[in-house]
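**Student:** The structure's right below; bear with me while I get my questions together.
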Amino acid sequence: MLLGPPGAGKGTQAQIIAGRLGVPAISTGDIFRANVSGQTELGVKAKVYMDAGDLVPDEVTVAMVKDRLAEPDAKAGFLLDGFPRTIAQAEQLRGSLEQLGQHLDRVLELVVEEDELVRRLSGRRMLVDGEWVQRDDDKPETVRRRLEVYREQTAPLSGFYEGEGLLSRIDAIGSIEEVTDRVMTALGTPGRPGDS
Ligand code: AMP
């Protein structure tokens, strides 16, 4: 799984690394955003929290991930991006994985200092239907809240997984390729030059 604050590059790295490992990248943020766009019941519920920069309640999030992990393409492995984000989610994940006969192999923490995160998030744009748009939750006031939520609720996971002997801290400053190479080295799988 990938751990790290908003703007650390989890989404970008998740796509590349999952591609190299041949496993699905499971991003709770992406699943929520797809539900918001599709105006599903889950999306309507989640949007209120997302727009405020807060976490969607654990009971909604954990059930959603549990369903996703039970899908056939996750049987041979998966890369989690943006989940778990609280100690309670981490504990429930452990239970769900046990039931599925699975376990986490490694937790990769992408480390970036806060000034750089604010710079990255405020400049970030996503391509939606051919247009570059700013995510609602990348607006400055929401960014501040998301960073605060990360510090308070998610950062403790670093110590949690370190205690389990699963954590690798990755310096996530540098080019996308440099960070990918550091991750692949931490996984014991050297990066393949020319691969993207
Ligand atoms: P992300 O794309 O990972 O930055 O997630 C965007 C937003 O989705 C977050 O700010 C939360 O509101 C919500 N979200 C994503 N993952 C989780 C999670 N594991 N638990 C609770 N809320 C989440």
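Each value in this text was obtained by applying a stated rule to the coordinates, not by laboratory testing. Nothing here was measured: the structure is a model prediction, and the numbers come from that model. Don't worry about glycine lacking a Cβ; one is built from the backbone with ideal geometry, like all the others, and counts go over all protein chains shown.
**Student:** Write down the percent of antiparallel bridges among all DSSP beta bridges whose residues are both part of the chain, to the nearest 5. Please report the intermediate quantities before stating the final value.
**Tutor:** Values: 3 of 14 bridges.
Percentage antiparallel, nearest 5: 20.
**Student:** From the backbone phi of region 150-159, what are the Karplus-calculated ³J(HN,Hα) couplings (6.51 cos²θ - 1.76 cosθ + 1.60, θ = phi - 60°) in whole Hz, Gly and Pro given as x?
**Tutor:** Result, ordered by residue: 4, 4, 7, 9, 9, 3, x, 5, 4, x Hz.
**Student:** State, to one decimal in nm, how far the label point of H103 lies from the label point of Q134, with both points 7 Å from Cα in the Cβ direction.
**Tutor:** Output for this residue pair reads 4.6 nm.
**Student:** When the chain is fully extended, how far beyond the present Cα-Cα distance does V111 get from D30, taking 0.36 nm per residue of separation? Let's see the in-between values first.
**Tutor:** Values: separation 81, 0.36 × 81 = 29.16 nm, distance 2.13 nm.
The span from V111 to D30 would gain 27.0 nm if fully extended.
**Student:** Output ³J(HN,Hα) for region 20-36: one whole-Hz value per residue in order, computed from phi by the Karplus curve 6.51 cos²θ - 1.76 cosθ + 1.60 with θ = phi - 60°, and x for Gly and Pro.
**Tutor:** Taking θ as phi minus 60°, the curve returns 5, 7, x, 10, x, 8, 10, 10, 5, x, 5, 5, 4, 4, 5, 6, 5 Hz for region 20-36.
**Student:** Explain nothing, just compute: Karplus ³J(HN,Hα) = 6.51 cos²θ - 1.76 cosθ + 1.60, θ = phi - 60°, for every residue of region 5-15 in order, whole Hz, x for Gly and Pro.
**Tutor:** Running phi through 6.51 cos²θ - 1.76 cosθ + 1.60 with θ = phi - 60° gives x, x, x, 7, x, 4, x, 4, 5, 4, 4 Hz.
**Student:** Taking amide hydrogens as modeled 1.01 Å from N in the peptide plane, which residues meet the under 5 Å criterion relative to V23, leaving out close sequence neighbours?
**Tutor:** none
**Student:** Please tell me the relative contact order of region 98-196 in percent, rounded to the nearest whole number, where contacts are Cα pairs under 8 Å and at least six residues apart. Before the final figure, lay out each step's value.
**Tutor:** On the way: 67 pairs, mean separation 34.8, N = 99.
That works out to 35 percent.
**Student:** Would you mind working out the magnitude of the charge dipole of region 36-108 relative to its Cα centre, with +1 at each Lys and Arg C-beta and -1 at each Asp and Glu C-beta, to the nearest 20 Debye? The partial results should precede the final answer.
**Tutor:** Values: 8 positive and 12 negative charges, 18 e Å.
Result for region 36-108 is approximately 80 debye, rounded to the nearest 20.
**Student:** Which semi-axis lengths, in whole Å and largest first, follow from the square roots of five times the eigenvalues of the Cα gyration tensor of region 40-196?
**Tutor:** Numbers: eigenvalues 122, 106, 60 Å².
Working through the eigenvalues yields semi-axes of 25, 23, 17 Å.
**Student:** Per DSSP H run of at least 4 residues, take -39500 (n - 2.57); add these up for the chain, divide by its residues and hand me the 222 nm value, nearest 500 deg cm²/dmol. Don't skip to the answer; put the middle values down first.
**Tutor:** On the way: 9 runs with 99 residues, N = 196.
So the helix-based figure for the chain works out to -15500 deg cm²/dmol.
**Student:** Could you work out the Rg to Rh ratio of region 6-125, with Rh taken as the Kirkwood radius (inverse of the mean 1/r over all Cα pairs)? Intermediate results must be reported in sequence, preceding the final value.
**Tutor:** Working: Rg = 14.7 Å, Rh = 15.4 Å.
Rg divided by Rh gives 0.96.
**Student:** Can you classify region 91-150 as rounded, prolate or oblate using the Cα gyration tensor, where a ≥ b ≥ c are the square roots of its eigenvalues, rounded means a/c under 1.5, and otherwise it's prolate if a/b beats b/c and oblate if not?
**Tutor:** On the way: a/c = 2.62, a/b = 1.84, b/c = 1.42.
In terms of gyration-tensor shape, prolate.
**Student:** Assign one of three labels to region 117-181, namely rounded, prolate or oblate, based on the Cα gyration tensor with a ≥ b ≥ c the square roots of its eigenvalues; rounded applies when a/c is under 1.5, prolate when it is not and a/b is larger than b/c, and oblate otherwise. Kindly include the intermediate steps, with their values, before the conclusion.
**Tutor:** Details: a/c = 2.69, a/b = 1.49, b/c = 1.80.
It is oblate, given that a/c is not under 1.5 and a/b is not larger than b/c.
**Student:** Right, here's the next one. Would you please give the residues with an amide H less than 5 Å from that of E109, counting only those at least 5 places away or on a separate chain, with H modeled from the backbone geometry?
**Tutor:** Those qualifying (amide H under 5 Å, at least 5 residues apart or on another chain) are L3, S168, R169, I170.
**Student:** Over the Cα atoms of region 1-60, what radius of gyration and what Dmax do you get, in Å?
**Tutor:** Both quantities, over Cα of region 1-60: 12.8, 35 Å.
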